[in-house]
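Read the structure below first, then the notes.
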Amino acid sequence: MNTYPLGKSVQHDFPFFELNPGITYLDSTATSLKPSVVIEAITDYYSRYSVNIHRGVYALSVEATEKFEAVRKAVLNFLQAPNEIEAIFTKGTTESINLLAVSLERVKKELAPFFSNWQSGLEKDDVILISESEHHSNLVPWQMLAERTGAKVVYIPVRADGSLQTEFISQNEFSHHKLKIVALSATSNVSGVVHDLTPFRELARKNGAIFMIDAAQAICHAETSWAEFSADFIAFSAHKMLGPTGLGILAGNRDVLSVMPPFHGGGDMIALVKKEGTTYNHPPHRFEAGTPPIAEAIGFGAALQYLNKIGMKNVEQWEHDLTAYALAQLEENGWHNYGPSSDDVISGRVRKAGAISFGIEGVHPHDIGTILDETGVAIRAGHHCCQLLMQSWGVPATARASLYIYNDRDDIDRLIDGLRMVKKIFKK
Amino acid sequence: MTDQIKKIEDIEREIIEEFEFFDDWADKYSHIIEMGEALPPLPESDKTEQNLVPGCQSRVWLVAEIQDGKIFFHADSDASITKGLIALLTRVLSGQPQNSVVTANLDFINQIGLGKHLSPTRANGFTGMIRKMKMLAARE
């Protein structure tokens with residue numbers, strides 16, 4: 001493998017570092033920093049050809065449309081998706097999942113040819129299976145859908161290290177009620193654990209249920225592929241992978257999408273509008289009402305090019321080494337690591353992206369964050385939009401340091417120095 | 001409650017002088033944490049949803065009692081720095097006439113050398129604490 005130097009070698013691509021000297025950014029799981037190429041692509045669109053796309057009958061609109069649609073292709077290429085897969089632009093993972101939940105609520109029997117448990121729409125006591133480890137964006141939309149339809153949400157419990165309890169399947173038959181949806185995140189935003197979704201995928205397939213993956217923390221940290229996900233739908237966000245905020249993707253099979261009811265009504269999503277009613281456009285446009293995030297999509301195109309140049313295998317390897325280094329340091333100091341140990345990660349027993357939740361006995365995570373901030377280290381402390389996981393672990397919050405391509409061992413050393421300062425101040 | 005109480009500005013000056021003694025920011029934090037530890041415990045029954053200070057990421061409970069036009073605060077938090085901050089505010093404002101609390105400008109915050117940390121948008125919700133204390137003091 002051709003290794004591309006990361007860490008300090010790429011920091012000059014990110015204006016953030018020059019503008020924030022002395023800041024150690026360890027919050028990329030919340031959002032990643034943006035390289036100049038992304039900022040320039042957005043500026044170029046807004047400066048030179050900031051016109052609307054689709055149906056423009058002049059050259060600039062054609063150019064904008066082509067650039068926008070080229071990003072759709074680039075997204076599908078990035079996912080190594082086969083021809084029958086379509087990518088819908090949304091405003092983020094959260095909207096992608098809400099789109100899916102709202103559309104599925106409106107489905108009657110259109111999905112029967114694809115999913116045997118969908119001979120009818122969602123009904124009372126149908127099961128939506130998620131896990132305790134889900135981000136609220138892959139949890140609340142399903143609870144809301146359940147509330148509207150009478151379906152019930154069932155939660156797969158998590159183990160202490162953040163992995164999913166696969167034995168949950170054998171203990172639950174799912175035969176008394178119809179399993180209609182299985183919606184799981186591929187990688188935890190709290191523990192960084194890359195979940196083994198195989199048993200849950202098989203369960204969905206066996207039952208003729210829809211299998212959706214929240215890939216918000218997966219796609220940005222490792223080489224992934226449509227075949228590897230092997231899902232009916234995947235959702236993710238651009239801003240976690242060097243792209244702009246306000247843009248996400250919902251990808252799914254075109255034939256399935258073409259029978260699904262729309263999400264929002266408005267321009268672009270229609271075929272023919274009459275007073276008596278409207279017929280809808282084909283996917284992906286059916287699900288993209290209104291002027292889409294054009295600048296954001298174009299910026300995302302530049303981000304994907306940048307990541308392709310680096311190579312996602314390199315990204316994964318870099319984060320893996322850095323994560324193992326950080327975990328070993330935390331363990332050496334006797335601080336609590338919520339998630340797999342450095343041994344688990346180094347041996348490859350558990351795959352883990354660069355999100356590390358930790359704690360210091362007797363010190364509130366917010367206090368850790370406050371002192372680290374004074375030392376110039378930016379981390380996040382809180383429930384990380386995963387209150388069920390916090391409840392399962394019996395903690396109100398954790399401190400979380402998260403890594404990306406521009407971090408290196410110096411950043412981890414500064415984190416550890418900061419934590420020693422916390423220890424000193426709190427006399428722990 | 002007939003004792004002559006110190007004026008808010010006098011307590012503020014006292015605190016500023018106290019903090020001048022530390023030249024290291026870490027020691028200032030240690031001092032704040034110690035002030036929190038010295039707060040009398042708040043009964044569990046007072047740790048209700050209603051008594052939470054809005055806008056704080058960590059939990060801060062604040063209750064007040066009013067006697068003869070003076071307001072007395074009792075508070076607690078699950079995070080030590082936040083608890084120290086509410087202790088600092090309690091030291092300045094507890095026992096003061098209601099109206100003095102409402103109109104206090106609390107400029108000492110900017111003078112104890114932790115101003116960067118105590119800015120209004122910070123997650124510790126310092127502004128939220130002050131607002132809640134003033135709202136409690138503004139009641140009948």
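Every number in this text was worked out from the coordinates using simple rules, so none of it is lab data. Keep in mind the model is a prediction, meaning the values are calculated, not measured. Methodologically, a virtual Cβ is constructed for each residue, glycine included, from the backbone with ideal geometry; neighbour enumeration extends over all protein chains shown.
Comparing A:I128, A:G311, A:I85 along the charge dipole axis of the protein assembly as shown, the residue lying farthest to the positive side is A:I85, per the Cβ-charge model. Beta bridges from DSSP with both residues in the protein assembly as shown: antiparallel share about 70 percent, rounded to the nearest 5.
By definition, a body whose alpha carbon gyration tensor gives a ≥ b ≥ c is prolate when a/c is 1.5 or more and a/b is larger than b/c, and the stretch A:54-193 fits this prolate description.
Close amide-amide hydrogen proximity is noted between A:I156 and A:I130, A:S131, A:E132, each under 5 Å apart and 5 or more residues distant or on a separate chain (H modeled in the peptide plane; Pro and chain starts excluded). In this Cβ point-charge picture (+1 for Lys and Arg, -1 for Asp and Glu), the stretch A:39-306 has a dipole of about 660 debye about its Cα centre.
For B:K28, a cut-off of 26 angstrom between C-alpha atoms picks up these lysines, skipping any fewer than 8 places away in its own chain: A:K423, A:K424, A:K427, A:K428, B:K6, B:K7, B:K83, B:K116, B:K132, B:K134. For the stretch B:8-34 versus the stretch A:238-284, the inter-centroid distance based on Cα atoms is 58 Å. Bridging of A:K73 to lysines at a Cα separation below 20 Å is possible for A:K91, A:K240, A:K309, once same-chain residues fewer than 8 apart are set aside. Assuming charge only on the beta carbon of Lys and Arg (+1) and of Asp and Glu (-1), the dipole of the protein assembly as shown about its Cα centre is about 1540 debye to the nearest 20. The peptide list B:17-30, A:371-384, A:16-29, put in order of mean Cβ contacts within 10 Å with the highest first, becomes A:371-384, A:16-29, B:17-30.
The A:T278 and A:E63 beta-carbon pair, evaluated with R₀ = 30 Å, returns a calculated FRET efficiency of approximately 0.50. How many nm is it between the label spots at A:T31 and A:Q143, if each spot is 7 Å from the Cα in line with the beta carbon? Here the modelled spin labels are 2.5 nm apart. Close amide-amide hydrogen proximity is noted between A:Y338 and A:S357, A:F358, A:G359, each under 5 Å apart and 5 or more residues distant or on a separate chain (H modeled in the peptide plane; Pro and chain starts excluded).
In chain A, Cα pairs under 8 Å separated by at least six residues give a relative contact order of 22 percent. Modelled spin-label separation between A:E123 and A:Q80, with each label point placed 7 Å from Cα along the Cα-to-Cβ direction: 4.1 nm. Taking 0.36 nm per residue of separation and subtracting the current Cα-Cα distance, fully stretching the chain between A:V395 and A:I39 would add 124.3 nm. Computed on the Cα trace of the protein assembly as shown, the radius of gyration divided by the Kirkwood hydrodynamic radius gives Rg/Rh = 1.02. Dividing the helix sum by the residues of the protein assembly as shown, where each DSSP H run of 4 or more adds -39500 (n - 2.57), gives a mean residue ellipticity at 222 nm of -12000 deg cm²/dmol.
Each residue of the stretch A:50-61 was assigned a 3J(HN,Hα) from its phi angle through the Karplus curve 6.51 cos²θ - 1.76 cosθ + 1.60 (θ = phi - 60°); the sequence is 6, 10, 7, 9, 6, 6, x, 9, 10, 4, 5, 5 Hz, with glycine and proline shown as x.
Charge tally around A:H136: other residues with Cβ under 14 Å, Lys/Arg +1 each, Asp/Glu -1 each, net -4. Computed from the C-beta positions of A:K108 and A:R55 and an R0 of 41 Å, the FRET efficiency is 0.85 to the nearest 0.05. Note on A:Y4 and A:R48: with the Förster distance fixed at 45 Å, the Cβ-Cβ geometry gives a FRET efficiency of about 0.90. Spin-label pair A:K73-B:M135: with each label point 7 Å from Cα along the Cα-Cβ axis, the two points sit 5.6 nm from one another. Annotation: lysines with alpha-carbon distance below 24 angstrom to A:K109 (same-chain offsets under eight excluded): A:K124, A:K152, A:K178, A:K180, A:K206.
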